[in-house]
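Written out below as structure tokens is the structure these notes cover.
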Amino acid sequence: QVQLVESGGGLVQQGGSLRLSCTASGGTFSNYPMGWFRQAPGKEREFVAAISRRGASTDYADSVKGRFTISRDNAKNTMYLQMNSMKSEDMAVYYCAQGRGIYGSRRSGEYDYWGQGTQVTVSS
């Protein structure tokens, strides 16, 4: 059974930076694309970023493009989300997820395993 554990969430000021990590266990991490999603209070879960199995291909939501960077270290079974120039609208619970195929999808239904989420709070 695959388990995903996010870490690195917390409180950050507007304009600041934070790095999230997602560590996987119970499967062959490098065989699957991965993604980050987020959910703010009262809103639907939304796509943030995705990365292919080997990390060569990435995709970002328009709202985070140029500010966030997704990466992975298959030797450590870990994926990262570097978040810079953070805005109040970035405040949400962030989830990592393991997908299918080669490239990560923007659709949450294309992901089979999810972490428990980590809270990111942005203060003004």
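The values are calculated or read from the model by the stated rules, or taken from the named source; none is laboratory data. This is a predicted model, so every value here is computed, not measured. Note that each Cβ is placed from the backbone with ideal geometry, even for glycine, and that neighbours are counted across all protein chains shown. Ligands, DNA and RNA are stripped out before the accessible areas are found, and what is left, the full protein with its side chains, is counted by its heavy atoms. Shrake-Rupley method; radii C 1.70, N 1.55, O 1.52, S 1.80 Å.
Residues checked against (1) of a type in the set (A, V, I, L, M, F, W, C); (2) farther than 14 Å from residue 120 by Cβ; (3) more than 11 Å from the chain's Cα centre (by Cα); (4) open to solvent by less than 10 Å² (accessible area, probe 1.4 Å):
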| site | (1), (2), (3), (4) |
| --- | --- |
| 35 | no, yes, no, yes |
| 40 | yes, no, yes, no |
| 48 | yes, no, no, yes |
| 57 | no, yes, yes, no |
| 67 | no, no, yes, no |
| 73 | no, yes, yes, no |
| 77 | no, yes, yes, no |
| 82 | no, no, no, no |
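Would you tally the residues in the range 99-124 being assigned to a loop (DSSP other than H, G, I, E, B) and of a type in the set (Val, Ile, Thr)?
Residues flagged as assigned to a loop (DSSP other than H, G, I, E, B) and of a type in the set (Val, Ile, Thr) within the range 99-124 amount to 1.
Taking interchain pairs and intrachain pairs at least six residues apart, which have beta carbon atoms under 9 angstrom, with the first residue in the range 55-67 and at positive phi and among the acidic types (Asp, Glu) and the second open to solvent by less than 60 Å² (accessible area, probe 1.4 Å) and modelled with pLDDT of 95 or more?
Hits for this filter: zero, empty list.
Taking residue 99 and the conditions (1) in contact (Cβ under 8 Å) with a residue 12 or more places away in the chain; (2) surrounded by fewer than 18 Cβ atoms within 10 Å (Cβ to Cβ); (3) on the phi < 0 side of the Ramachandran plot, which numbered condition does it fall short on, given that it satisfies the others?
Here residue 99 clears every test but (2).
Starting from the range 1-16, keep only residues that are more than 30 Å from residue 30 (Cα to Cα), then list their pairs with residues that are open to solvent by 100 Å² or more (accessible area, probe 1.4 Å) and assigned to a loop (DSSP other than H, G, I, E, B) whose Cβ atoms are within a distance under 6 Å, requiring at least 6 positions of separation or different chains.
If the second residue must be open to solvent by 100 Å² or more (accessible area, probe 1.4 Å) and assigned to a loop (DSSP other than H, G, I, E, B), the pairs left are 14/124.
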